[in-house]
Amino acid sequence: MAGLDELTDEARRNTRGRFEQWVKNPQCETNTLSAVLNVKLADVALSLGYQPEYGQSPFAITRGLQFEGWLFKDEAKVIRESMEKVGILEANSSGFLDLRLTMNGGKSIKSVDAALEKSHELLVNLSKDKKFIPTTIIAGLMLKIPKGVMLPEATLIIDVASIQRVDDEWVIRVGEIKVFPDRGGHTDSNEISTARAQAGVYQHALQITVDSLGLTNPPVVSTNGYLVFTWPGTNSPVIRANEDLTYQARRAALGFERLDNLAQELISKKTQNLAEVDLKDWIAHSKTEYKEICWSFCDLAPRCQDLAIADDRAIVLGTEASKLLGSVSVGRAIELLEGVDPKTDVERALQVQLLAAKWETV
Amino acid sequence: MSTRDIVRQLEAAKISQPVPRYSTLHVRLVDNPFMVAFVRMAGESRPWGIVYGRLNDAAPRVLTAGDGRNREAVAEICEEFGVALCQYFRAEGHTFNPITKDNLDTKDLPQIWVPGERHVEMFHHLEYAYWRVRKGDDRTQPLTVLARLSGWIFRESGRTGQQQIIDAARALRDAYAFPADTLSLGNLTTAVAWFKEDGVLPEKRIRVRTAGEQRVSPTLDPGLDKDVLSPLVEQRADLLKAGKSLTLVEQKIHDALGRELMARWNSMVDAYRILANDTRAENIGVEKLVKSTMDKYVVEFQRVERGMLDSSGDPVFTPHPETDFHGSAAAAGYFRMQAADVAYTASLVHDDAELCAEALASGHAFMAEVTDVWNTGVGRVTIPNWQVKVPIGEISRLREGEDYSLVGNPKSKVSVREVEVVDEEHWSVHIEWESPKVRDVSGPISAKPLDSSWIGHRLIFVPCDTSALTAKQAQAVWDAKDGVGAWLTHGRAPVQVEENVIDDITQLQDN
């Protein structure tokens, strides 16, 4: 039987992205397997002859790196000023710990293991060394989530975290950095909710990491996080402080648990060793659950739409039509609308609703 | 989405074509509107390229910057675009004949078309980019005027029924039901393809999807960025560093962006033509919406610009792009938006059978049979009263004290005095005519309300346009500043967001 432990090291490195991908359509087995097995949907699409469309523009990547570089330049001067202004840090705070890998713009940390070691050291020192004075801002805090969450173990990198002394305890708050412009009340609500959800995953991951260390006097992981956006058209940060991450963290906890169970269940069905399985082929031929939202993240959406079109499924008319028509095909619904005799109770109930809404204009 | 909408989708699927949603068009199609589309570099909010012009121009103007991150180059194209836009809008200071309340004519409605919602947002980004001025700056220079006009366009775009900025994709979605999901119709090329592509389902779906692969949002296809634009921009940077000529590489960038801009432009033109060729008439209520749009333009934009040009030097209120920072301003704005919402359906429903049927089905309107007519006026005063029998619908919102109009008579007003249950299927409703009382109203017959020949006729009553009353509440909010509790409702917000803002110039210097 296959085992999760046989997955590669690389599988541990983009846990958050895979989790967020899965959350978008958890009913889809193909999506779940892609997230669990860490096989990109784009690769599966290619194997089926579909041209993948998604990927980040090189300009967007550069912009993101530049923004982060600007925030953390000169001992994180820019982000510190903003954090002090909105009350995340007290005035005249100091200390910056840069745990970002050199490949991501960091200065000294060259490997994942080194970053993990430094991160671990920080959490332990906060717990046991009374004289320890931590830095107030940490970039790229890296966490190894214990076994049992989605994969044997997984790694998460927190964009930014801050440490404050509150009532004799060290309190860590997590932040999510996005280059997205904050336009006040007009800010894209999807962008805000995505950033908040990601911060929730960090909060949850940090909490279980701290819990798993078994420290005698562990630091408090605050449920209040913050989102760092840009002032439109500039590199100036706009910080949304005091974001309550309680429910997002709970969502992450439940999501990870469910995904973990699904992963175990799906993989246990395989009798072969995973190393011998053609993962792309397995994913490509698993059950799908096509939805409108698939177009926002999945390279297999055109293929699933093709299948839906071939089956004349109601989802081709959209989510609302799909909810109303259920398993009744578009063609059959048109017939029912034209008054043919329904064959089942489901069709009868649908026909009543459709005819009631097919009024003549007055 | 209602079941009615899904029925329309099924009807569209049956003929493999979009079908009209309503009996009339709810948008004014100006003869030669101004059209604009943007592209921007991924991660940036300012435009990298702009295509603009009038519909009937021989060719639109295509402007691009060599590098979308170069603020001076971007400002240059924005300034040229801004001048053209201000001239088209006959903005104060940009024409000898600005639109004012004295010469306001609905035939002169300035109307701007964009391909989709993200392009509307670009106006907000333009406002953010150029609205700030420092003490002593000339606030009438083109870029700052563009910022204020862009801000006004963006704010106005959210007001129900406005006729000044047309999101082409939305205009098509509002006018037609498509045999497709709503998400895909956010892309204008997809919506247009449903009209242009031949054939029947399901092959047509595939062809429409292929056509929709052409992006129309301001953000470009990452593939194009990666394969074409990124190498060119890098090449440009290298040449710049080496002090060599940029002409050739910038032309290549211009050509690549120009193709994208023209694709957006052509989709917009197609959308306009689809609506212009529609055989449905413009709803008579649209004229009222146009008048309201122009009134707002004069009061909320032109008046501010007039103040800017005034040499008195007094401060002139300029709305902040983010929020109003004032509880009363927010409350007044809320009432104005609510009034627009009420006025929209109330203006259109009298000339649109389908919209009227929708109002009936949703319980906002009611159908009634006149059973009695009498007068409660004393002496020479006439107060017509009717007793009507109303079938109890699945959804009904009929309440005592509410005002309605007889459909087809937008200025008429009746008030519901009493609602009584007659049996399981009917109510008996007493209504009193408030306007008109002695003039004819039209319906199946044309007669005075007091005429007994109305008895036996089945009539439809739709919600009365109470927007004027709601709009008055907006003013009442301001007037309450001297009333009880004003300290609570009229205090100024302590936040001054400007402190968080690093001035563009300062930031450039820091970098």
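The values are calculated or read from the model by the stated rules, or taken from the named source; none is laboratory data. What you see is a predicted model, and the numbers here were worked out from it, not measured in a lab. Don't worry about glycine lacking a Cβ; one is built from the backbone with ideal geometry, like all the others, and counts go over all protein chains shown. Remember, those area values only see protein heavy atoms, side chains included, never the ligands or the DNA or RNA. Shrake-Rupley method; radii C 1.70, N 1.55, O 1.52, S 1.80 Å.
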Residues that are at the interface with another protein chain (Cβ under 10 Å from one of its Cβ atoms) and either open to solvent by 40 Å² or more (accessible area, probe 1.4 Å) or in a loop (DSSP other than H, G, I, E, B) (or both), drawn from the range A:312-321: A:312, A:318, A:319, A:320
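Residues that are in contact with a helix residue (DSSP H, G or I) (Cβ under 8 Å, 6 or more places away or on another chain), farther than 26 Å from residue B:343 by Cα and open to solvent by less than 40 Å² (accessible area, probe 1.4 Å): list the strands (runs of 3 or more DSSP E) wholly contained in the range B:412-463 that include at least 1 such residues.
none
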Against the condition surrounded by 15 or more Cβ atoms within 10 Å (Cβ to Cβ), touching a residue at least 12 places away in the same chain (Cβ under 8 Å) and of a type outside the set (A, V, I, L, M), how does residue B:333 come out, does it pass? yes
Do we have residue A:26 as over 23 Å from residue A:228 (Cα atoms), within 14 Å of chain B (Cβ to nearest Cβ) and outside any helix (DSSP H, G or I) here? no
Kindly list, by first and then second residue, each pair from a residue in the range B:183-206 that is closer than 18 Å to residue B:276 by Cα to a residue that is assigned to a loop (DSSP other than H, G, I, E, B), limited to pairs with Cβ atoms under 6 Å and residues at least 6 apart or on different chains. B:188/B:115; B:188/B:116; B:188/B:216; B:189/B:212; B:189/B:214; B:189/B:216; B:194/B:18; B:194/B:178
Single condition residue A:342 does not satisfy, out of (1) in a loop (DSSP other than H, G, I, E, B); (2) in contact (Cβ under 8 Å) with a residue 12 or more places away in the chain; (3) open to solvent by less than 40 Å² (accessible area, probe 1.4 Å); (4) of a type outside the set (Lys, Arg): (2)
Determine which member of the set B:402, B:425 is of a type in the set (Asp, Glu) and farther than 23 Å from residue B:348 by Cβ. B:425
Among the residues of the range A:276-311, write down those that are in a helix (DSSP H, G or I), polar (S, T, N, Q) and either touching a residue at least 60 places away in the same chain (Cβ under 8 Å) or away from chain B (no Cβ under 12 Å) (or both). A:296
If residue B:328 satisfies all but one of (1) within 13 Å of another protein chain (Cβ to nearest Cβ); (2) in contact (Cβ under 8 Å) with a residue 40 or more places away in the chain; (3) touching a helix residue (DSSP H, G or I) at 6+ places or on another chain (Cβ under 6 Å), what's the number of the condition it fails? (1)
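On the given criteria, is residue B:177 within 14 Å of chain A (Cβ to nearest Cβ) and within 26 Å of residue B:28 (Cα to Cα)?
yes
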Number of the condition not met by residue B:355 [criteria: (1) in the same structural domain as residue B:431 (by TED's automatic domain parsing); (2) surrounded by fewer than 21 Cβ atoms within 10 Å (Cβ to Cβ)]: (2)
Among the residues of the range A:208-223, are any open to solvent by less than 30 Å² (accessible area, probe 1.4 Å), within 12 Å of chain B (Cβ to nearest Cβ) and under 22 Å from the mean Cα position of the chain (by Cα)? no
Going through the range A:47-66 one residue at a time, which ones are assigned to a helix (DSSP H, G or I) and within 14 Å of another protein chain (Cβ to nearest Cβ)? A:58, A:59, A:60, A:61, A:62, A:63, A:64, A:65, A:66
Let me confirm something: among A:108, A:119, which residue is out of contact with any Cys (no Cβ under 7 Å at 6 or more places or on another chain), among the polar types (S, T, N, Q) and open to solvent by 70 Å² or more (accessible area, probe 1.4 Å)? A:108
Residue that is farthest from residue A:55 (Cα to Cα) [pool: residues in the range A:322-334 that are at the interface with chain B (Cβ under 10 Å from one of its Cβ atoms) and open to solvent by 10 Å² or more (accessible area, probe 1.4 Å)]: A:334
Pull up the range A:242-252, narrow it to residues that are open to solvent by less than 30 Å² (accessible area, probe 1.4 Å) and touching a strand residue (DSSP E or B) at 6+ places or on another chain (Cβ under 8 Å), then point me to the one that is farthest from residue A:82 (Cα to Cα). A:245
Evaluation of residue A:88 against (1) assigned to a helix (DSSP H, G or I); (2) modelled with pLDDT of 90 or more (one fails), failing number: (1)
Within 12 Å of chain A (Cβ to nearest Cβ), surrounded by 19 or more Cβ atoms within 10 Å (Cβ to Cβ) and closer than 19 Å to residue B:305 by Cβ - does that describe any residue in the range B:131-141? yes
Scan the helices (runs of 4 or more DSSP H) fully inside the range B:200-289 and keep the ones with 3 or more residues being surrounded by fewer than 18 Cβ atoms within 10 Å (Cβ to Cβ) and within 14 Å of chain A (Cβ to nearest Cβ). B:203-211, B:230-242
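Is it the case, given these coordinates, that residue A:139 is more than 21 Å from residue A:235 (Cβ to Cβ) and either of a type in the set (Asp, Glu) or at pLDDT 90 or above (or both)?
In short, no.
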Give the residues of the range B:12-25 that are more than 8 Å from chain A (Cβ to nearest Cβ) and either within 15 Å of residue A:336 (Cβ to Cβ) or not in a helix (DSSP H, G or I) (or both), sorted by residue number. B:16, B:17, B:18, B:19, B:20, B:21, B:22, B:24, B:25
Residues satisfying the stated conditions in the range A:166-187, i.e. without any contact (Cβ under 8 Å) to a residue 60 or more places away in the chain and touching a Pro at 6+ places or on another chain (Cβ under 9 Å): A:169, A:170, A:171, A:172, A:181, A:182, A:183, A:184, A:186, A:187
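Report, by residue number, each residue of the range B:452-491 that is hydroxyl-bearing (Ser, Thr, Tyr) and within 22 Å of residue B:160 (Cα to Cα).
B:466, B:467, B:470
Are any residues in the range B:351-379 farther than 15 Å from residue B:449 by Cβ and part of a strand (DSSP E or B), and if so, which ones?
Of everything in the range B:351-379, those that are farther than 15 Å from residue B:449 by Cβ and part of a strand (DSSP E or B) turn out to be B:366, B:367, B:369.
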Does the range A:176-188 contain at least one residue that is more than 14 Å from every other protein chain (Cβ to nearest Cβ) and among the aliphatic types (A, V, I, L, M)? no
For the range B:47-59, name all the residues that are crowded, with 21+ Cβ neighbours inside 10 Å and not hydroxyl-bearing (Ser, Thr, Tyr). B:47, B:48, B:49, B:50, B:51
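Each row is one residue, and each column tells you yes or no for (1) open to solvent by 40 Å² or more (accessible area, probe 1.4 Å); (2) modelled with pLDDT of 95 or more; (3) assigned to a strand (DSSP E or B).
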site	(1), (2), (3)
B:1	yes, no, no
B:10	no, yes, no
B:42	no, no, no
B:45	no, no, no
B:82	no, yes, no
